[in-house]
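Encoded as structure tokens, the structure appears first; notes follow it.
The values are calculated or read from the model by the stated rules, or taken from the named source; none is laboratory data. Keep in mind that what you see is a predicted model, and the values were worked out from it rather than measured. All Cβ positions, glycine included, derive from the backbone under ideal geometry; neighbour counts span all protein chains shown. Areas reflect the complete protein model, heavy atoms only, side chains present, ligands, DNA and RNA absent. Shrake-Rupley method; radii C 1.70, N 1.55, O 1.52, S 1.80 Å.
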Amino acid sequence: MTRNSPRIVIAGASSLLGSELKSLLEESRFAGWELNLVDEDAAAGILTEAGGEAALIQKVEPDTFRGARYAFLTGSSAFAKRCIAPAREAGAVVIDFSRASLSDPDATPWFPKIEALSGRSATKSAKTFAVFSVGGAAVASLALALQKHGLQRLVALVHQPVSEAGREGIEELETQTSQLLSFQSIGQRVFATQTAFNLLPRYGAESAVDLQRNLLEMRAEISAAVGEPGLDAKISLNLIHAPVFYATTFSVCADLAPEAAAEVVAAACREAGFVFAPADEAAPSNVTVAGETNLFLAEPRADSTHAGSWWLWGAGDNLRVTAHSGIKLAEWLDS
């Protein structure tokens, strides 16, 4: 019954990612399916819309996932952990965006090119899928794509926007920006430090957001995708706060075989699904990728002193790319 049920549950529907996912679902092959919107108790009762009609976000009940084909988990990791077991028991396929399932050995790591790049096949009978973040998908894709060109080491610096902290993060950056431009003292309720006009390796001690934990979770995504310990050991990752609202940007340095040419590196990246910005246009940024479903790169740039070292700069819409990836997964499962 569940296998053919045209019903989807979005658990974490009030989140930014939940809203983005709902919007894209209504433009996909799942338009017309029944959408049930649920979230934590604090968000229950929020008025929104689904399928062009008014809808209330509900709290999770014992029968929330009954008869659902898919359960998209777009809320906090803690909330997702509460939802995984009842969703599985109800027979729904769990598509987890929260990273709550990364430690589950039965969860299948997912981004659209992972099968082609890793050589490992995903099975449609799997019950739980962990959908990667933009940073995790980008770094894993580059490592897998470049390993056949003599990859010796890959160092990645990922810049996290405040939308990863939800609406409260966006509001705090907006408020701090206005306050600083008006020479006022700033509020720090979410990040416990100044995030406006500031790059940071960590937030304040009382922050509701743990940047180090986000780093470790992204590293776990990459390890799950790469699989091979030898390749995984060649990857170094750091995550910093960027004072922007949306989109993840990343800078990667890859040490390859000395004979690797620019066109070879670019071809490998294209095979991995990256789209290159035209050479006569501005490099990809958090502004240029807004609303796009692809990951974008600037043309590879050779290091000025080390032969075989290549710099790669890229960007992706942290909400839209991730939501689109989950929908592509559901479409593949439903095919």
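Data table
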item	result
Every residue from region 257-288 that is of a type in the set (A, V, I, L, M, F, W, C) and assigned to a loop (DSSP other than H, G, I, E, B)	A257, A260, A261, A272, F274, A277, A279, A282, A283, V287
Residue identified as touching a strand residue (DSSP E or B) at 6+ places or on another chain (Cβ under 8 Å), over 18 Å from S76 (Cβ atoms) and loosely packed, with under 15 Cβ neighbours inside 10 Å among L56, L25	L56
Strands (runs of 3 or more DSSP E) (entirely within region 96-168) containing at least 3 residues that are at pLDDT 95 or above and of a type in the set (K, R)	none
Residues satisfying the stated conditions in region 214-244, i.e. in a helix (DSSP H, G or I) and touching a Lys or Arg at 6+ places or on another chain (Cβ under 8 Å)	E217, A220, E221
Residue within region 61-73 that is of a type in the set (S, T, Y), surrounded by fewer than 17 Cβ atoms within 10 Å (Cβ to Cβ) and not in a helix (DSSP H, G or I) present	no
Candidate set from region 290-325 (those that are aliphatic (A, V, I, L, M) and out of contact with any Asp or Glu (no Cβ under 8 Å at 6 or more places or on another chain)); member that is most open to solvent (accessible area, probe 1.4 Å)	A307
Extreme residue, nearest to T305 (Cα to Cα), among residues of region 245-256 that are under 16 Å from the mean Cα position of the chain (by Cα) and not in a strand (DSSP E or B)	A247
Residue count, region 74-85 (criterion: surrounded by 19 or more Cβ atoms within 10 Å (Cβ to Cβ) and either touching a residue at least 60 places away in the same chain (Cβ under 8 Å) or assigned to a loop (DSSP other than H, G, I, E, B) (or both))	5
Total residues in region 197-212, condition part of a helix (DSSP H, G or I) and in contact with a Ser or Thr (Cβ under 9 Å, 6 or more places away or on another chain)	0
Pairs with Cβ under 9 Å, 6+ apart, first in region 193-212 and open to solvent by 50 Å² or more (accessible area, probe 1.4 Å), second outside any loop (DSSP other than H, G, I, E, B) and acidic (D, E)	A208/E168
Enumeration of residues in region 300-323 that are in contact with a strand residue (DSSP E or B) (Cβ under 7 Å, 6 or more places away or on another chain) and closer than 18 Å to T248 by Cα	W311, L312, W313, G314, A315, G316, N318, T322
Criterion (among the charged types (D, E, K, R) and free of Cβ contacts under 8 Å to residues at least 12 places away in the same chain) met by exactly one of E53, E26	E53
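Residue-wise test of (1) surrounded by 16 or more Cβ atoms within 10 Å (Cβ to Cβ); (2) modelled with pLDDT under 95; (3) under 20 Å from S101 (Cβ atoms); (4) not aliphatic (A, V, I, L, M).
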{"position": "T2", "(1), (2), (3), (4)": "no, yes, yes, yes"}
{"position": "S5", "(1), (2), (3), (4)": "yes, yes, no, yes"}
{"position": "G18", "(1), (2), (3), (4)": "yes, no, yes, yes"}
{"position": "A31", "(1), (2), (3), (4)": "no, yes, no, no"}
{"position": "A43", "(1), (2), (3), (4)": "yes, yes, no, no"}
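Rundown of residues vs (1) touching a Gly at 6+ places or on another chain (Cβ under 6 Å); (2) surrounded by 22 or more Cβ atoms within 10 Å (Cβ to Cβ); (3) within 20 Å of W110 (Cα to Cα), yes/no style:
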position	(1), (2), (3)
G230	no, no, no
A233	no, no, no
L237	no, no, yes
Y246	no, no, no
S251	no, no, no
L256	yes, yes, no
R270	no, no, yes
F274	no, yes, yes
P278	no, no, no
